[in-house]
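Trainee: One structure, as structure tokens, below. Some questions next.
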There are 2 protein chains.
Amino acid sequence: MSTNSKSLKSTRQEPGVSGLRMTNQRALILEIIRQRRGHLDADEVYRQARQKQPRLSLSTVYRNLQTLKKLGFIEELHFNEEHHHYEIRLATEHHHLACLGCGRIIEFQYPLARLIKRNVAEAKDFEVIDTELRMTGYCTECHQEGK
Amino acid sequence: MSTNSKSLKSTRQEPGVSGLRMTNQRALILEIIRQRRGHLDADEVYRQARQKQPRLSLSTVYRNLQTLKKLGFIEELHFNEEHHHYEIRLATEHHHLACLGCGRIIEFQYPLARLIKRNVAEAKDFEVIDTELRMTGYCTECHQEGK
DNA sequence: TTCTTTATTGCTAATGCTTCTCACTACCGA
DNA sequence: TCGGTAGTGAGAAGCATTAGCAATAAAGAA
Ligand SMILES: [Mn+2]
Ligand SMILES: [Mn+2]
Ligand SMILES: [Zn+2]
Ligand SMILES: [Zn+2]
């Protein structure tokens with residue numbers, strides 16, 4: 001039993017309650033998203049994962065991204081593209097600034113969820129599970145050359 | 001010249017500066033998004049539009065959605081689906097609560113952009129063009145039956 | 001350990017949404 | 001009225017994601 005899968009297994013919630021199993025593929029995918037600090041898309045996860053498990057299939061990546069998302073381990077990000085990105089879900093809430101010029105993603109922390117929950121969700125009796133804020137525009141290096 | 005296309009033309013910014021033309025198709029698509037208060041996707045716009053212009057093609061819808069977005073007339077929304085929705089861009093900023101149960105989209109107003117610009121974007125020297133906030137969860141009628 | 005059950009995988013094909021290509025139109029300024 | 005060119009329609013192509021299914025392999029029971 002490798003150190004990796006061990007640490008992953010111990011992280012898992014509800015070991016067998018929901019009938020889920022911790023496969024090597026699932027552990028690897030989660031580990032990759034946990035270690036890389038970027039915002040990976042399915043294909044990037046796939047390519048990384050195949051370096052360790054060459055027989056892994058892309059379907060398995062997609063399936064596990066869905067599963068890990070539902071379990072709350074990872075978050076799915078919707079930038080201005082037609083495919084999605086994924087990142088590990090951490091304790092501290094953060095959001096994104098997406099540059100239209102260079103494509104860079106800048107992160108920032110702001111306790112938005114709490115704020116909106118108090119001011120809006122509560123009034124509308126809406127139970128918030130997830131929050132996503134993204135601002136699009138131009139970063140320092142890109143807003144010289146205008147729009 | 002119909003009343004519709006007239007009002008659209010007068011709304012248009014920079015009449016011919018950028019080389020853009022106001023075609024019937026473009027006017028119709030914008031008009032549909034302007035009138036419906038929902039969050040239409042490309043196919044819904046297409047179906048609506050074909051009632052008035054049966055020969056309109058889906059390509060034209062997609063092309064014009066992109067154009068109208070770039071011109072700032074409409075906004076592209078990214079819910080938790082893999083296709084996009086569009087709505088007219090109004091003066092007052094608003095955001096969305098998306099229910100995982102019934103799919104309903106609840107709108108609310110909150111001066112987020114101003115807030116974040118002052119507190120974050122300014123510090124990071126990021127020029128904000130667009131803001132999108134979406135919270136996912138369960139609406140009143142759906143959070144009875146738990147998750 | 002061995003056995004059983006069934007969640008999960010790897011392939012492949014299929015789907016869904018969006019973009020591209022290209023010949024043909026039609027808008028608009030001169 | 002004319003010419004240059006943005007825009008259109010139709011279909012094909014491109015990607016991202018999902019579905020179907022026989023074969024594996026977790027995880028709990030014995
Ligand atoms: Mn992030
Ligand atoms: Mn809206
Ligand atoms: Zn940039
Ligand atoms: Zn609901």
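The values are calculated or read from the model by the stated rules, or taken from the named source; none is laboratory data. Given the structure is predicted, the values throughout are model-derived calculations rather than measurements. When we count neighbours, we look across all protein chains shown, and the Cβ atoms used for this are built from the backbone with ideal geometry, even at glycine. Protein only, heavy atoms only, side chains kept; ligands, DNA and RNA dropped before computing areas. Shrake-Rupley method; radii C 1.70, N 1.55, O 1.52, S 1.80 Å.
Let's see how each residue does on (1) modelled with pLDDT under 95; (2) crowded, with 18+ Cβ neighbours inside 10 Å; (3) in the same structural domain as A:Met135 (by TED's automatic domain parsing):
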| site | (1), (2), (3) |
| --- | --- |
| A:Ser18 | yes, no, no |
| A:His39 | no, yes, no |
| A:Gln48 | no, yes, no |
| A:Lys52 | no, no, no |
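Trainee: Another question, then. Those residues that are in contact with a strand residue (DSSP E or B) (Cβ under 7 Å, 6 or more places away or on another chain) and more than 15 Å from ligand 3 (Cβ to nearest atom), I need them from the range A:80-92; list them, please.
Mentor: A:His83, A:His84, A:His85, A:Tyr86, A:Glu87, A:Ile88, A:Arg89, A:Thr92
Trainee: Examine the range A:129-146 for a residue that is without any contact (Cβ under 8 Å) to a residue 24 or more places away in the chain and within 7 Å of chain B (Cβ to nearest Cβ), and state whether such a residue exists.
Mentor: yes
Trainee: Report whether or not B:Glu76 is farther than 21 Å from B:Thr23 by Cα and modelled with pLDDT under 95.
Mentor: So B:Glu76 does not fit the description; no.
Listed here are the residues, each with its yes/no results for (1) surrounded by 17 or more Cβ atoms within 10 Å (Cβ to Cβ); (2) over 22 Å from A:Leu97 (Cβ atoms); (3) modelled with pLDDT of 95 or more; (4) more than 16 Å from DNA strand D (Cβ to nearest atom).
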| residue | (1), (2), (3), (4) |
| --- | --- |
| B:Glu81 | no, yes, no, no |
| B:His95 | yes, no, yes, yes |
| B:Arg104 | no, yes, no, yes |
| B:Glu122 | no, no, no, yes |
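Trainee: Is it true that some residue in the range B:85-93 is open to solvent by less than 40 Å² (accessible area, probe 1.4 Å), away from DNA strand D (no atom under 16 Å from the Cβ) and hydrophobic (A, V, I, L, M, F, W, C)?
Mentor: yes
Trainee: Next question. If you go through the range A:106-120, how many residues are open to solvent by less than 70 Å² (accessible area, probe 1.4 Å) and more than 7 Å from chain B (Cβ to nearest Cβ)?
Mentor: Result for the range A:106-120: 4.
Trainee: Still on this structure, please answer the following. Out of B:Thr60, B:Thr92, B:Thr67, I need the residue that is more than 12 Å from chain A (Cβ to nearest Cβ), free of Cβ contacts under 8 Å to residues at least 40 places away in the same chain and not in a loop (DSSP other than H, G, I, E, B). Which one?
Mentor: Exactly one residue qualifies, and that residue is B:Thr60.
Trainee: Let me confirm something: among A:Leu77, A:Leu97, which residue is within 16 Å of ligand 3 (Cβ to nearest atom) and closer than 26 Å to B:Lys70 by Cβ?
Mentor: A:Leu97
Trainee: Out of curiosity, is B:Ala27 at pLDDT 95 or above and touching a Ser or Thr at 6+ places or on another chain (Cβ under 7 Å)?
Mentor: Spelling it out, B:Ala27 is indeed at pLDDT 95 or above and touching a Ser or Thr at 6+ places or on another chain (Cβ under 7 Å).
Trainee: Considering only the range B:129-147, state which residues are crowded, with 17+ Cβ neighbours inside 10 Å and away from ligand 2 (no atom under 16 Å from the Cβ).
Mentor: Correct list: B:Gly137, B:Tyr138, B:Cys142, B:His143.
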